[in-house]
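Derivation of every value follows stated rules applied to the coordinates shown; laboratory data play no part. What you see is a predicted model, and the numbers here were worked out from it, not measured in a lab. Cβ placement follows ideal geometry from the backbone for every residue including glycine, while neighbour counts extend to all protein chains displayed.
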There are 2 protein chains.
Amino acid sequence: MPVDALKFCSHCGSDRLAFRVPDGDMLPRFVCAACGTIHYQNPKVVVGCLPVWQGQVLLCKRAIEPRHGLWTLPAGFLENGESLPDGAMRETLEEANARVRIDALYTVISLPQINQIYMMFRAELLDVGFGPGAESLDVRLYDEADIPWEALAFRTIGRTLRNWFLDRKQGAFPLRLSTLERRPPPPDLAGAG
Amino acid sequence: MPVDALKFCSHCGSDRLAFRVPDGDMLPRFVCAACGTIHYQNPKVVVGCLPVWQGQVLLCKRAIEPRHGLWTLPAGFLENGESLPDGAMRETLEEANARVRIDALYTVISLPQINQIYMMFRAELLDVGFGPGAESLDVRLYDEADIPWEALAFRTIGRTLRNWFLDRKQGAFPLRLSTLERRPPPPDLAGAG
């Protein structure tokens with residue numbers, strides 16, 4: 001049973017929802033026994049960018065949960081009616097009041113355990129008139145040596161930053177496609193239970 | 001008001017749903033006046049691949065709507081719990097009974113008007129033991145000269161195929177990122193009404 005379980009049919013209001021494999025399908029879905037509507041649930045896209053200004057990278061300190069107080073690249077859920085580059089620009093404006101020119105798509109990370117696809121673009125910060133939006137406590141430019149590696153909000157962000165600093169040394173930024181599985185348990189618990 | 005309008009709250013069953021901008025948000029959402037639940041709706045990912053066997057491309061003739069009887073590359077909605085390459089492999093197996101090795105991500109196409117993101121991989125067909133799955137009428141390998149350009153199911157598929165044949169001549173397949181806006185009206189209707 002998925003975390004985001006439906007209790008009522010959004011089409012007819014019935015509470016007679018079964019979580020079962022519909023005829024001709026391969027996976028269980030919420031199916032309404034009253035009106036027959038099949039409620040599909042699919043992964044969401046998180047879109048964002050890595051804004052660069054004179055070799056420094058712009059990071060945002062989160063003012064919201066999850067990961068309040070930790071640092072992230074500007075990113076958020078892609079909205080209906082929006083292209084990927086437009087979504088990356090919007091999130092950067094909302095979280096950092098920062099204007100960017102969106103460059104190539106850079107990291108694409110599948111997170112099957114939480115039904116998300118991260119899509120991060122490289123970007124050029126157009127001016128330094130940035131500052132925290134409503135969802136950020138602080139926004140700063142970081143040199144590689146000062147990146148708060150131990151205080152990053154998400155593994156996708158750490159992976160994107162590590163790739164970028166390595167690729168910058170090589171002078172090329174090929175698309176980095178990967179999958180992040182569930183974090184392994186800490187060593188002192190592995191094998192227990 | 002979006003096409004996929006909610007009539008009842010899936011959390012409490014109330015029909016007191018308003019389509020409005022929640023406090024602190026930027027876009028209208030379905031908000032339940034009874035229990036306060038905000039129902040977010042986001043774009044879906046369509047994932048698939050371009051399977052190649054000895055220079056020929058595998059296409060499927062659709063047995064389902066929309067675009068029944070027209071040709072497509074194997075592709076479909078990414079499922080919860082699935083990585084992008086796994087989704088591309090599953091769709092290819094379901095629609096064409098074909099086994100592939102998934103290669104690089106190749107086209108990423110935003111379709112903001114229908115809230116979809118197409119993500120197509122290059123792929124190597126592993127054997128010729130393919131055949132139509134439940135959603136296909138026919139599955140065939142096509143040389144470039146024989147591609148049924150006038151009978152393709154979706155513009156995303158035509159764009160992916162055109163890019164691929166051009167890039168093959170150049171000997172390189174860079175990621176192709178683009179956005180498809182709504183199809184312009186045919187010339188004889190433009191300006192009418």
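Would you mind telling me which numbered condition in (1) more than 9 Å from chain B (Cβ to nearest Cβ); (2) buried (at least 22 other Cβ atoms within 10 Å of the Cβ) A:Val139 fails?
(2)
Taking the range A:87-110, which residues are surrounded by fewer than 24 Cβ atoms within 10 Å (Cβ to Cβ), acidic (Asp, Glu) and more than 10 Å from chain B (Cβ to nearest Cβ)?
A:Asp103 - this is the single residue of the range A:87-110 that is surrounded by fewer than 24 Cβ atoms within 10 Å (Cβ to Cβ), acidic (Asp, Glu) and more than 10 Å from chain B (Cβ to nearest Cβ).
Go through the range A:112-132 and give me each residue that's within 13 Å of chain B (Cβ to nearest Cβ), among the hydrophobic types (A, V, I, L, M, F, W, C) and crowded, with 20+ Cβ neighbours inside 10 Å.
Correct list: A:Ile117, A:Met119, A:Met120, A:Phe121.
When only residues in the range A:119-159 that are assigned to a loop (DSSP other than H, G, I, E, B) and among the charged types (D, E, K, R) count, which is farthest from A:Met89 (Cα to Cα)?
A:Asp143
Applying the selection to the range B:1-28, what residues are more than 10 Å from every other protein chain (Cβ to nearest Cβ) and in contact with a Lys or Arg (Cβ under 8 Å, 6 or more places away or on another chain)?
Passing the criteria: B:Phe19, B:Arg20, B:Val21, B:Pro22, B:Pro28.
Select from the range B:68-86 the residues that are surrounded by fewer than 23 Cβ atoms within 10 Å (Cβ to Cβ) and small (Gly, Ala, Ser) and write down the one among them that is nearest to B:Leu125 (Cα to Cα).
Ranking the qualifying residues of the range B:68-86, first place goes to B:Gly76.
Can we say A:Ile147 is out of contact with any Gly (no Cβ under 6 Å at 6 or more places or on another chain), under 24 Å from B:Tyr40 (Cα atoms) and not charged (D, E, K, R)?
Working: out of contact with any Gly (no Cβ under 6 Å at 6 or more places or on another chain): yes; under 24 Å from B:Tyr40 (Cα atoms): no; not charged (D, E, K, R): yes.
For A:Ile147, the condition - out of contact with any Gly (no Cβ under 6 Å at 6 or more places or on another chain), under 24 Å from B:Tyr40 (Cα atoms) and not charged (D, E, K, R) - is not met.
Could you tell me which numbered condition B:Asn42 fails, if it satisfies all but one of (1) touching a residue at least 12 places away in the same chain (Cβ under 8 Å); (2) more than 10 Å from chain A (Cβ to nearest Cβ)?
B:Asn42 satisfies all of (1) touching a residue at least 12 places away in the same chain (Cβ under 8 Å); (2) more than 10 Å from chain A (Cβ to nearest Cβ) except (2).
If I go through the range A:20-48 residue by residue, how many of them are farther than 14 Å from B:Gly81 by Cβ, outside any loop (DSSP other than H, G, I, E, B) and under 30 Å from the mean Cα position of the chain (by Cα)?
From the range A:20-48, those farther than 14 Å from B:Gly81 by Cβ are A:20-25, A:30-39, A:45-48; that's our starting set.
Narrowing further to those that are outside any loop (DSSP other than H, G, I, E, B): A:20, A:30-32, A:38-39, A:45-48.
Now drop any that are not under 30 Å from the mean Cα position of the chain (by Cα), which leaves A:20, A:30-31, A:38-39, A:45-48.
So the count comes out to 9.
Give the range A:160-178 a look and list any residue that's over 18 Å from B:Met119 (Cβ atoms) and without any contact (Cβ under 8 Å) to a residue 40 or more places away in the chain, or say none.
Scanning the range A:160-178 gives A:Arg162, A:Phe165, A:Leu166, A:Asp167, A:Arg168, A:Lys169, A:Gln170, A:Gly171, A:Ala172.
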